[in-house]
Amino acid sequence: QVQLVESGGGLVQPGGSLRLSCAASGSIISILVTGWYRQASGKQRELVANQPTGGSTIYYADSVKGRFTISRDNAKNTVYLQMNSLEPEDTAVYYCNAVVQTSGSTFYKPYWGQGTQVTVSS
């Protein structure tokens, strides 16, 4: 099993910054891709950013390009989302996602964190 534990959410004023962290633990053999999704109240969950392992292609949703940065510390199995110039429209529950191969398995499976609330308001 794999556990993803998120932290770093909270209340911030418009124009402010937050950094989300997501630590993965468990019987992890390999991580294919890590990413962040968000779900605002009454809306569908959407992909914010993701980063394949060892790859140079990082995806950002158009709405966060130039403001958010995804990064990863492979030694710690931790992925980060640095969010700058936050806007009220960024208010949502943010979920960490990782596609992981675990010990004893030949397949990759997606795993999700529990979510962390980000509220942007004055």
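The values are calculated or read from the model by the stated rules, or taken from the named source; none is laboratory data. Small disclaimer: the values here were computed from a predicted structure and weren't measured. Here the Cβ is made from the backbone with ideal geometry for all residues, glycine too, and neighbour counts use every protein chain on show. Side chains are part of the model used for accessible areas, which takes the heavy atoms of the whole protein and leaves out ligands, DNA and RNA. Shrake-Rupley method; radii C 1.70, N 1.55, O 1.52, S 1.80 Å.
Can you tell me which residues in region 89-122 are of a type in the set (S, T, N, Q), farther than 16 Å from SER25 by Cβ and assigned to a loop (DSSP other than H, G, I, E, B)?
Start the filter on region 89-122 by keeping residues that are of a type in the set (S, T, N, Q), which leaves 91, 97, 101-103, 105-106, 114, 116-117, 119, 121-122.
Filter again for farther than 16 Å from SER25 by Cβ, leaving 91, 105-106, 116-117, 119, 121-122.
Residues satisfying the conditions are THR91, SER105, THR106, SER121, SER122.
Go over the candidates GLY16, GLY26 one by one and state the one that is among the small types (Gly, Ala, Ser), in contact (Cβ under 8 Å) with a residue 60 or more places away in the chain and open to solvent by less than 40 Å² (accessible area, probe 1.4 Å).
After ruling out the rest, the residue left standing is GLY16.
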Which pairs have Cβ atoms under 9 Å, sit 6 or more apart or on different chains, and link a residue in region 50-68 that is among the hydroxyl-bearing types (Ser, Thr, Tyr) to one that is open to solvent by 60 Å² or more (accessible area, probe 1.4 Å)? THR53/LEU32; THR53/ASN74; TYR60/GLY66; TYR60/THR69; SER63/GLU46; SER63/GLU87; SER63/GLU89
Residues of region 44-102 being more than 23 Å from GLN13 (Cβ to Cβ) and small (Gly, Ala, Ser), in sequence order, are GLY54, GLY55, SER56, SER71, ALA75, ALA98
For region 65-122 the number of residues that are touching a helix residue (DSSP H, G or I) at 6+ places or on another chain (Cβ under 9 Å) and exposed (fewer than 11 other Cβ atoms within 10 Å of the Cβ) is 2
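When you look at LEU86, is it outside any loop (DSSP other than H, G, I, E, B), on the phi < 0 side of the Ramachandran plot and among the aliphatic types (A, V, I, L, M), yes or no? Even if it seems obvious, please write down each step before you answer.
Values: outside any loop (DSSP other than H, G, I, E, B): no; on the phi < 0 side of the Ramachandran plot: yes; among the aliphatic types (A, V, I, L, M): yes.
For LEU86, the condition - outside any loop (DSSP other than H, G, I, E, B), on the phi < 0 side of the Ramachandran plot and among the aliphatic types (A, V, I, L, M) - is not met.
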State the number of residues belonging to region 1-44 that are polar (S, T, N, Q), assigned to a loop (DSSP other than H, G, I, E, B) and within 11 Å of LEU81 (Cα to Cα). 1
For region 34-63, give me each residue that is β-branched (Val, Ile, Thr) and under 13 Å from the mean Cα position of the chain (by Cα). THR34, VAL48, ILE58
